[in-house]
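Working notes, structure below.
The values are calculated or read from the model by the stated rules, or taken from the named source; none is laboratory data. Remember, predicted model here, so these are calculated numbers, not experimental data. Every residue, glycine among them, receives a Cβ derived from its backbone with ideal geometry; neighbour counts consider all protein chains shown. Calculation scope for accessible area: heavy atoms of the full protein, side chains included, ligands and nucleic acids excluded. Shrake-Rupley method; radii C 1.70, N 1.55, O 1.52, S 1.80 Å.
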Amino acid sequence: MCGIVGAVSKRNITPILLHGLNRLEYRGYDSAGIAVLDSDSRIQRVRAVGKIKNLESALSVTPATGHIGIGHTRWATHGEPSAKNAHPHVCNDCVAIVHNGIIENHERLREEQIKAGFTFTSDTDTEVIVHQIQKYMNEGHSLFNAVKNSIADLDGAYALGVISTSEPDTLICARKGSPLVIGIGENENFIASDMAALLSETNNFIILHEGDMAIVKSTEVDVFNEQGHKTVREIHESQLSGDAVDKGEYAHYMLKEIYEQPSAIAETLEGRLGKDKVLDSSFGPKAIEIFDKIKSIQILACGTSYHAALIAKYGIESVTSLPVNVEVASEFRYRKVVVQPDTLVITISQSGETADTLAALRKAKEIGMEHSLAICNVPESSLVRESELRMMTRAGPEIGVASTKAFTTQLVVILLLVTVLARRFGFPAETEAKVVEQLRYLPGIIDDVLKHEDEIKEIAKDFADKDHALFLGRGMHYPVAMEGALKLKEISYIHAEGYPAGELKHGPIALVDKNIPIVAVAPNDKLIDKLKSNLQEVRARGGRLYVFADKGTNLKSENGIKVIEVAPVDIAVSPIIFSVPLQLLAYHVAVLKGTDVDQPRNLAKSVTVE
């Protein structure tokens, strides 16, 4: 969840660390800090509570310069956000570390270390790591071997960056369960949780594998695998530019990413559509063979990706005879699961590093679910590497914590998957051709939806002083309503819930009064008349309705109901279309309330811990 950056260079690396931390602030913003070795090989450490700007202010008062150093931006797990709990952690003014992850056996290690005479200055689980490293160095081990021995004592997940006064030209890093990359420069090298942190310095990266360690110096990098053997990891050239992670003309990353959806979806579709069909080979060379023999599907995801998974279930089961089970990854991994023969496990994740989703995939494979497909936005991620088939969403970097373009590109990939699976169950060629045509038009349709921003901005005023909201949908638009509610609650802090409209009479209608806005998604599908009846039930009880409706529904604004018309669209792409105005609504409500849109409280972008 936290962000790590490190550098070894012939130049002062403090500006590099700060720039990298600014790029990583989406991963955590409770506190931040850096530690560098000065010209006398002494550790200079500066930490601050809150965002990176507070660290920058602290450094203006207490400058720190050096040619080797590490930095960290924190999302608190063990220990409240405070200066003493901020990373880097230091032992005996000799070793400094930064850590992303959770050490599950930290209490036992802490007890042992206190008995051995180590003094603790924080409430974090991380501090046991730096003491353990110092323990082995006191026994005469090199920095590399001290780190190697220490991680063997740890239970849990970690990405580590370690420096020491005893070896002032060496940065040690290691990963297990949390992502870490090495950036390759010219007479300088770097580490980071995410390539985005280093794009201003290099486009060449080594992606560390699970269990890898590395010795990083300014002129060389040596990587060791989980068995401790020196190994060669391929250097990847990133196609991202530094501009891709800038806000540009937009006030917030979230708004920028909402407006990037037409181009992101066009990129997602590139090379995956034939003249009138979806290309099976888009899912990988083994896709046809696997798709031909699967008899059931298990989808695993968390958060927004879970809502995409629910839409996938509706779509797949509507046009095939494949049973689809969808489960929150954190639940799946801890319960007994009945394995169906020839099951395809589909994992959905923006980052590909979500701890629960990764663990759930590993469990699925362990219990005999042979085939796997990852739908992901990050090609170099653990989820992609550990899956048999993979389909990249190509959304590009998504910095705003509230997912927007990552979600809609997931839905596009899901529609591609639904189509290729449906073909195996007699899906008519002319129907597939119509879906392909709709997909080609999709970026332009979303451009048209975005033109409603001023209208949505106006109705957002009706939400800004409210404490609760309901979102309603039916069929595959029920998960769209859930996603709209999630967006509103996570960035505006208004309590919001998504419900199937048909469930109103089973409880939620008790909440309806003039003080709770109700948002409904109204595509022109076979359930529209039933939805209209549900809306009348709300109006009869004084509820204020805001309906995003297909023009073909003939719903009109009148007393107690505000209708925002969306261009008529095919039902296949409608979940994608109707998600966009809900994103804009959440955004503008949050702006009116003055919350931190891109970095909402208590949240971080990549959930790499349990």
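Annotation: amide H-H contacts under 5 Å for Ala520 (H modelled 1.01 Å from N, sequence separation of 5 or more, or interchain): Leu472, Tyr546, Val547, Phe548. The string of couplings for the stretch 459-474 from the Karplus curve (6.51, -1.76, 1.60, θ = phi - 60°) is 6, 4, 4, 6, 9, 4, 9, 9, 9, 9, 8, 10, 10, 10, x, 10 Hz, one whole number per residue in order, with x for Gly and Pro. Residue-wise HN-Hα couplings along the stretch 410-419, as the Karplus relation 6.51 cos²θ - 1.76 cosθ + 1.60 with θ = phi - 60° gives them from phi, are 4, 5, 5, 4, 4, 5, 4, 5, 3, 5 Hz; Gly and Pro carry x. Distance between the 7 Å Cα→Cβ label points at Glu234 and Asn554: 5.8 nm. Bridges between two residues of the chain, per DSSP, are antiparallel at a rate of about 60%. Paramagnetic label reach from Ala510 (point 7 Å along Cα→Cβ; backbone nitrogen cut-off under 20 Å): within the stretch 525-549, residues 537-544. Compared with the dominant Cα axis of the chain, that is its longest principal axis, helix 477-492 is turned about 50°.
Can you give the extra length, in nm with one decimal, that the chain gains between Lys84 and Arg424 once fully stretched, where that is 0.36 nm per residue apart less the Cα-Cα distance?
Details: separation 340, 0.36 × 340 = 122.40 nm, distance 5.92 nm.
Additional length available on full extension: 116.5 nm.
The heavy atoms of Tyr314 present about 90 square angstrom of accessible area, all protein chains included, probe 1.4 Å.
The spacing between the stretch 78-144 and the stretch 1-63, judged by their C-alpha centroids, is 19 Å.
Packing, as the average of other Cβ atoms within 10 Å across residues, places the peptides 333-339, 41-47 in the order 41-47, 333-339, highest first.
How much net charge surrounds Ile445 when only the other residues with a Cβ under 14 Å from the Cβ of Ile445 are counted, with Lys and Arg +1 and Asp and Glu -1?
Counting the neighbours of Ile445, the net charge comes to -3.
Take every Cα pair under 8 Å whose residues are at least 6 apart in sequence, average their separation, divide by the length of the chain, and the relative contact order is 12 percent.
With contacts taken as Cα pairs under 8 Å at a separation of at least 6 residues, the stretch 484-560 carries a relative contact order of 29 percent. Helix 127-138 and the longest principal axis of the C-alpha atoms of the chain enclose an angle of approximately 30°. Between Val345 and Gln298, His371, Ser372, Leu373, the built amide H atoms are under 5 Å apart, and every one of these is 5 or more places off in sequence or on another chain.
Segment Ala567..Asn149, full-extension length gain: 144.3 nm, with 0.36 nm per residue of separation and the alpha-carbon distance subtracted. Here, the stretch 52-209 has an Rg and a Dmax of 15.5, 46 Å when only alpha carbons are counted. Given the choices [x] 1.00; [y] 0.96; [z] 1.10, Rg/Rh (Cα atoms, Kirkwood Rh) derived from the coordinates of this structure is entry [x].
Filter the cross-link list Lys451/Lys551; Lys230/Lys336; Lys256/Lys286; Lys84/Lys217; Lys461/Lys556 down to pairs whose alpha-carbon distance in this structure exceeds 27 Å.
Values: Lys451/Lys551 15 Å; Lys230/Lys336 39 Å; Lys256/Lys286 36 Å; Lys84/Lys217 29 Å; Lys461/Lys556 20 Å.
Correct reply: Lys230/Lys336; Lys256/Lys286; Lys84/Lys217.
Fully extending the segment from Thr65 to Glu210, taken as 0.36 nm per residue of separation minus the present Cα-Cα distance, adds 49.0 nm.
Accessible area per residue for the chain in Å², computed with a 1.4 Å probe and the full protein assembly in place, what is it?
Here the per-residue accessible area is 38 Å².
Taken about its Cα centre, the chain carries a charge dipole of about 1120 debye when Lys and Arg each add +1 at the Cβ and Asp and Glu each add -1 at the Cβ. What you get for the stretch 423-551, charging only the Cβ of Lys and Arg (+1) and of Asp and Glu (-1), is a dipole of about 400 debye around the Cα centre. A simple spin-label model places pseudo-atoms 7 Å from Cα toward Cβ; at Lys275 and Ile367 they are separated by 4.7 nm. Along the stretch 100-110 the Karplus relation, 6.51 cos²θ - 1.76 cosθ + 1.60 evaluated at θ = phi - 60°, assigns HN-Hα couplings of 10, x, 9, 9, 6, 9, 5, 5, 5, 4, 4 Hz to successive residues, with x for each Gly and Pro.
Computed from Cα atoms, the angle from the helix 574-593 axis to the main principal axis of the chain rounds to 60 degrees. Helix content alone sets the calculated 222 nm mean residue ellipticity of the chain: runs of n ≥ 4 DSSP H residues at -39500 (n - 2.57) each, divided across all residues, give -10500 deg cm²/dmol.
When only alpha carbons are used to place a centre, the stretch 200-234 and the stretch 545-571 end up 55 Å from one another. Amide H contacts of Thr231 (H built 1.01 Å from N, in plane; Pro and chain starts excluded): Val223, Phe224, Asn225 sit under 5 Å, all sequence-distant by 5 or more or on other chains. Only protein heavy atoms count here; under a 1.4 Å probe, Ser318 has an accessible surface of about 80 Å².
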